[in-house]
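The values are calculated or read from the model by the stated rules, or taken from the named source; none is laboratory data. Source: prediction; values computed, not measured. Cβ atoms come from the backbone with ideal geometry, glycine included; neighbour counts cover every protein chain shown. Each accessible area value is taken on the protein alone, full model and side chains, heavy atoms only, with ligands, DNA and RNA left out. Shrake-Rupley method; radii C 1.70, N 1.55, O 1.52, S 1.80 Å.
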Amino acid sequence: MTSNSEVIDMIIRRLGNRRSSPQLRQVIAAELRTFISMKEKDMKEPPFFLETVWETTVTGLSVDLPANFLRELEEHVMSCTSDGCIFEVTKRIPDFVRSMAISELAQRPHYYSILGDKLYFGPGLDKPYLITLPYARKSEVFVDNGLATTDWVLHAENAVMLSVQHTLALDILQDQEMAERVEQRLGEAWQMFNDYCNARKYANLTIASGDD
C-alpha cells in the first residue's frame, strides 16, 4: 500500500525530478492537506467516507463535536436516551435553538443545531442525556511519513496528484507551461474519479436491494 512519503516522492518526480529538499516536501504536504480538506467539504458523498457513531453524555446547552467530525450522514437523525427511553431530536437553525435554550424552562431536549465545532440543544437540559449521532469523519491529516496514505490518494490518486501539481506549478514554481499541460489532463482525471464514485454507489445500492 502506498505511503504518504511515497506520494510526495511521486509528486516530486512529476515536477521534473527536482531535488527532494525538506522545504519542498513540507510545501507539498501542506498543499495535499489543504486540497483534501477542501474536497471533503465540497463533495457530499465520496464512496470511501467511513461512518462513525458518536455517543456521549451531555449535561449543558452545548457540547464539542468530535475532532474528526466532518458532517452528519443523515441530517435530522439524532437520538437521545434517558431512563431507558429513546427519542429523536429535531434539527433546527442555530438561532432558533439558542433562543429556546434561553427562554424555555429546562426540560427534555426537542431540538438541536450544529454551529462550528459545537452541538447546541434547546430547551436547556433538565438532566444528563445520552446522545447518539452517526457522522462521516474527516480523513487522517496528511503527514510526510511511512504510514499508509489517505483514502483520497488511494481512490483518486491521479486526480489528487495532478491537482496539487497544478497548484505548485502556478503558485510555487511559476511554470505556466507545466500548469497548462497538467490542466489538460485534470478534467479527464476527475471524470474518471466521478465515474468510479457512481459505480461504487450503484454497486452498494444493488447489494442493499438484493439484486443479482
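Charges on Cβ only, +1 for Lys and Arg, -1 for Asp and Glu, centred on the Cα centroid of the chain; of 143, 86, 24, which one is farthest towards the dipole's positive end?
The residue sitting farthest along the positive end of the dipole is 24.
Roll a 1.4 angstrom probe over the protein heavy atoms and tell me the percent of accessible area of the range 38-132 that is carbon or sulfur. Don't skip to the end; give the middle numbers.
Working: 2870 of 5550 Å².
Carbon and sulfur atoms account for 52 percent of the accessible area of the range 38-132.
If amide hydrogens are placed 1.01 Å from N in the peptide plane, which non-local residues have theirs closer than 5 Å to the one on residue 69?
138
Given a Förster distance of 25 Å, report the FRET efficiency between residue 117 and residue 88 from their Cβ-Cβ distance, rounded to the nearest 0.05. It would help to have the intermediate numbers written out before the result.
Working: r = 23 Å, r/R0 = 0.92.
Efficiency for this residue pair is about 0.60.
Which angle from 0 to 90°, rounded to the nearest 10, does the C-alpha axis of helix 157-167 make with the longest principal axis of the chain?
80
In nm, give the distance between the simple-model label positions of residue 39 and residue 10, each being 7 Å from the Cα along the Cα-to-Cβ direction.
1.1
Is the chain rounded, prolate or oblate when judged by the Cα gyration tensor, a ≥ b ≥ c being the square roots of its eigenvalues, rounded requiring a/c under 1.5 and prolate requiring a/b larger than b/c?
Taking the square roots of the gyration eigenvalues as a ≥ b ≥ c, the chain is prolate.
To the nearest 10 degrees, how steeply does helix 4-14 sit against the main Cα axis of the chain, on a 0 to 90 scale?
It is inclined by approximately 40 degrees.
Can you work out D for the range 40-159 in µm² s⁻¹ from Stokes-Einstein, where Rh is the Kirkwood radius over C-alpha pairs, the temperature is 25 °C and the viscosity is 0.890 mPa s?
The estimated diffusion coefficient comes to 154 µm²/s.
With every protein chain left in place, what is the accessible area of residue 192 in Å² (1.4 Å probe, nearest 10)?
120
Sorted by accessible area with a 1.4 angstrom probe, largest first, how do 85, 80 fall?
85, 80
Note the per residue figure in Å³ for the convex hull of the C-alpha positions in the range 108-197.
178
Taking amide H positions as placed 1.01 Å from N in the peptide plane, with prolines and chain starts having none, which residues 5 or more places from residue 115, or on another chain, fall under 5 Å of its amide H?
120
Amide H to amide H under 5 Å from residue 147: which residues, 5+ apart in sequence or cross-chain, H placed 1.01 Å off N in plane?
4, 5
What whole-number value in Å² describes the accessible area per residue of the chain for a 1.4 Å probe?
58
If Lys and Arg each add +1 and Asp and Glu each add -1, what is the summed charge of the other residues whose beta carbon sits under 14 Å from the beta carbon of residue 23?
Cβ neighbours under 14 Å give a net charge of +1.
How far apart, in nanometres, would the label points at residue 51 and residue 191 be if each is projected 7 angstrom from Cα along the Cα-to-Cβ direction?
Each label point lies 7 Å from its Cα, and together they span 3.3 nm.
Enter the accessible area of residue 35 (Å², nearest 10), with the probe set to 1.4 Å and all protein chains included.
40
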